[in-house]
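Encoded as structure tokens, the structure appears first; notes follow it.
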Amino acid sequence: MQIHPRIAELRTALSGAGRVAFVPTMGNLHDGHIALMRQARAHADVVVASIFVNRLQFGPKEDFDKYPRTFENDSARLNDAGVDFLFAPDEREMYPSPQRYHVEPDPAHVNILEGAVRPGHFGGVATVVLKLFNIVQPDVALFGKKDYQQLMVLKNMVRELALPIEVVAGETIRADDGLALSSRNGYLSAAERAEAPRLHRQLAMIQRRVGAGERDFLRLETEATAELAAHGWQPDYIAIRQRSDLQAPQGDASLVVLGAARLGNTRLIDNLEI
């Protein structure tokens, strides 16, 4: 695997490389990331990953400096997964001057759910992803479904800006007890780790009941929220939404149920398509 910290070097290396699949990350990789890397191989001749902790997507109360940096371990895992090129810029390379031009996603898409809890987050994500797309110029880009709202925002950005990129969604990778794999899981105590699958179980309960024909969505959301709160969680939301834009369900739209809640000091998110 070639590692390139400079934009010009990466572009030269990718010249004439054939069909390119790209998986952007912030590092601190887990098996969910690695599954995306392996999936990428089926879509292209060359697989490119990136590791860049993007300051733009961190809010004022989120500690950018404490985000885990595990570059040596991450590089080894990417190499073992068969990644061909790793783009690993520092901040000066990505932002040689203050980033004054930003992507502004539709407020209806980003001021809800995660965006309501983390104002400005998705604008920062969309801006850095568009910049990475311009650097790598991939044919295919892969993102995990666990960050469902992020996936929706980026799909719509690619569509509305007519970018020549196919966005492929990777299924959420789970532990045997259903907990979605996440870098945040490492912050859970042993007792919290045993409790953590409850979020997935509540979403699965809603998935089953809606699939069986229940349509009192508010009651289902309220019951699941209460169940989490009764076991020591601090829920941010449990919401049944349209997959396409995460708005309230209308007609026979395809649905997804999403949840986010804090367990101790760790905030977990998950979702299930219905």
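No value in this document is a laboratory result; all are computed from the given coordinates. All of these numbers come straight from a predicted model, not from anything done at the bench. Please note: Cβ atoms are built from the backbone with ideal geometry, for glycine as well, and neighbour counts cover all protein chains shown.
In table form, for the structure just shown:
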| read-out | value |
| --- | --- |
| ³J(HN,Hα), Karplus 6.51/-1.76/1.60, whole Hz, each residue of segment 61-66, x for Gly, Pro | 9, 9, 8, 4, 5, 8 |
| Spherically averaged projected area in nm², based on the convex hull that wraps the Cα atoms of segment 202-274 | 4.5 nm² |
| Amide proton proximity set for Val168, modelled H, under 5 Å, gap of 5+ | Ala141, Leu142, Phe143 |
| Expected-Rg normalisation [2.2 N^0.38 Å, Cα atoms] applied to segment 115-206 | 1.31 |
| Protection-proxy order for peptides 243-252, 73-82, each taking the mean of Cβ atoms within 10 Å per residue, highest first | 73-82, 243-252 |
| Given charges at beta-carbon only (K, R positive; D, E negative), |dipole| of segment 48-88 in Debye | 180 debye |
| Helix-only [θ]222 nm of the chain, DSSP H runs n ≥ 4, -39500 (n - 2.57) each, per residue, nearest 500 | -11000 deg cm²/dmol |
| Karplus-derived HN-Hα couplings along segment 174-190 (A = 6.51, B = -1.76, C = 1.60, θ = phi - 60°), whole Hz, x at Gly and Pro | 10, 6, 4, 8, x, 5, 5, 5, 7, 4, 6, 4, x, 8, 6, 6, 4 |
| Partners for Lys146 among lysines (Cα-Cα distance below 16 Å; same-chain residues under 8 apart left out) | Lys155 |
| Kirkwood hydrodynamic radius (C-alpha pairs) into Stokes-Einstein, segment 159-223, 25 °C and 0.890 mPa s, D in µm²/s | 166 µm²/s |
| log₁₀ of I(q)/I(0) at q = 0.07, 0.08, 0.11 Å⁻¹ - the chain, Debye sum with one point per alpha carbon | -0.26, -0.34, -0.65 |
| Part-to-part distance (alpha-carbon centres) for segment 93-150 and segment 56-75, which is given in Å | 16 Å |
| Mean separation of Cα contacts under 8 Å (6+ apart) over length of the chain, as relative contact order % | 17 percent |
| In nm, spacing of pseudo-spin labels at Ala194 and Leu161 (7 Å Cα→C-beta vector) | 4.7 nm |
| Charge dipole magnitude, Cβ of K and R +1, D and E -1 - segment 105-172, Cα centre, debye nearest 20 | 120 debye |
